[in-house]
Amino acid sequence: MKKLIIAAGIAAATMASFNASAVTYDTNNVSHASVNSQVTGKSAVTVTGNNGGSFDTDAIKVSGNDLGSFGIQLPASAAGFGISGIHSHGFPDGFQVKFNDCKVGVENGTGGKMTLVGAQQPVLSGENAGKECVFTSSVTKVAVTTEANNVTVEPGTKTITADFTAYTN
């Protein structure tokens, strides 16, 4: 009997650690669980992110606020890099920021996709033509700052993610 009680206790503890339950439920109710993994790989661009400041809902609308930065390390053979696939988590449609001098904004109705604003960047050929911020290999830091905005930003944590690609001559 002791072994059965211990086994039941271990099973309950194991299930609880995965956010499930050892209690029996009606089959129409579903318990959900998830686990996270990190898979690392090789990349030509090494990027480190640094968080920015904290702003109230009025101050976030002012140009030049530090939202964070990306440290960039390229291999010696790289001529430069591009930033594409920029995505906002929490900023509203129309909100604009700069990656150094490259202006991007949250596209309306896209769930946070950010696209280039204006033609301030060189246009590359290929699938990312006109869709990415392009920098030379001398750039080792990309500062993300606010542009002047007149859209309402709700309180809460906001995130901006992006893809970085190295280019050769």
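The values are calculated or read from the model by the stated rules, or taken from the named source; none is laboratory data. All values derive from a computational prediction rather than experimental measurement. Heads up, the Cβs are rebuilt from the backbone with ideal geometry, glycines too, and the neighbour counts pull from every protein chain shown.
Some notes on this structure:
- Options E147, E107; residue that is within 19 Å of G53 (Cβ to Cβ), at pLDDT 85 or above and in contact with a strand residue (DSSP E or B) (Cβ under 7 Å, 6 or more places away or on another chain): E147
- Number of positions in the range 146-166 that are buried (at least 17 other Cβ atoms within 10 Å of the Cβ), in a strand (DSSP E or B) and not hydrophobic (A, V, I, L, M, F, W, C): 2
- Whenever a residue of the range 158-169 is over 13 Å from G82 (Cα atoms), its partners that are of a type in the set (A, V, I, L, M) and surrounded by 18 or more Cβ atoms within 10 Å (Cβ to Cβ), lying with C-beta atoms within less than 8 angstrom and at least six residues away or across chains, give the pairs K158/L67; I160/L67; I160/I86; I160/V97; I160/M114; I160/V144; T161/I86.
- With respect to being among the basic types (K, R) and at pLDDT below 90, K131 fits the description.
- Considering the range 132-145, the residues that are outside any strand (DSSP E or B) and touching a residue at least 12 places away in the same chain (Cβ under 8 Å) include one that is farthest from the chain's Cα centre (by Cα), namely S137.
- Evaluated against (1) surrounded by 12 or more Cβ atoms within 10 Å (Cβ to Cβ); (2) closer than 19 Å to M114 by Cα; (3) not basic (K, R), G64 falls short on exactly one condition, (1).
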